[in-house]
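Report on the following structure.
The values are calculated or read from the model by the stated rules, or taken from the named source; none is laboratory data. This is a predicted model, so every value here is computed, not measured. Every residue, glycine among them, receives a Cβ derived from its backbone with ideal geometry; neighbour counts consider all protein chains shown. All accessible areas refer to the heavy atoms of the entire protein, side chains included, with ligands and DNA or RNA removed. Shrake-Rupley method; radii C 1.70, N 1.55, O 1.52, S 1.80 Å.
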Amino acid sequence: MGFVVLVAVLALGIAYWYVSIPVLVLTAIAVGVTVHRQHVHRAAAAAAAVQAVPALPAAPAPPLPRPLRTPPTPPLTMPADTFKIGSLVHLEKDGTRATYFVDHGRTPDEIVLKRVTSTPISTDA
């Protein structure tokens, strides 16, 4: 990785003549030192990890039983003009039925379903 950066810096220096040679040399030294330090740190961490491993590994724990998952039901998608504003809609999810009131949304093409928790009063008397 350091050599790629070094080559890119050198190419930029040649392409743009106003970059001075001391700047290129200092940049190359800085990149080289940084890459060398990263390699030294990685090598030290790898050596420490190898020494930290116990001679006899502990017996692995038995695998936990996987819970049975039912496949998720897809969301209800219908065209917006399926529901008429002011009507009641009966929907069912996971075996539970619910009644919703269709109301206006924030935009003209949006509707909102409000859950009805009480029985509507009939005014046809």
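What to note about this one:
- Meets criteria (modelled with pLDDT of 70 or more, assigned to a helix (DSSP H, G or I) and open to solvent by less than 100 Å² (accessible area, probe 1.4 Å)) for A61: no
- Cβ-Cβ contacts under 6 Å between residues 6 or more apart (or on different chains), taken from a first residue in segment 28-53 that is under 30 Å from L10 (Cβ atoms) to a second residue that is surrounded by 11 or more Cβ atoms within 10 Å (Cβ to Cβ), are listed as A28/L6; V31/G2; V31/V5; V31/L6; V35/G2.
- Top-ranked residue in segment 26-58 [being at pLDDT 80 or above and among the β-branched types (V, I, T); ranked as most open to solvent (accessible area, probe 1.4 Å)]: I29
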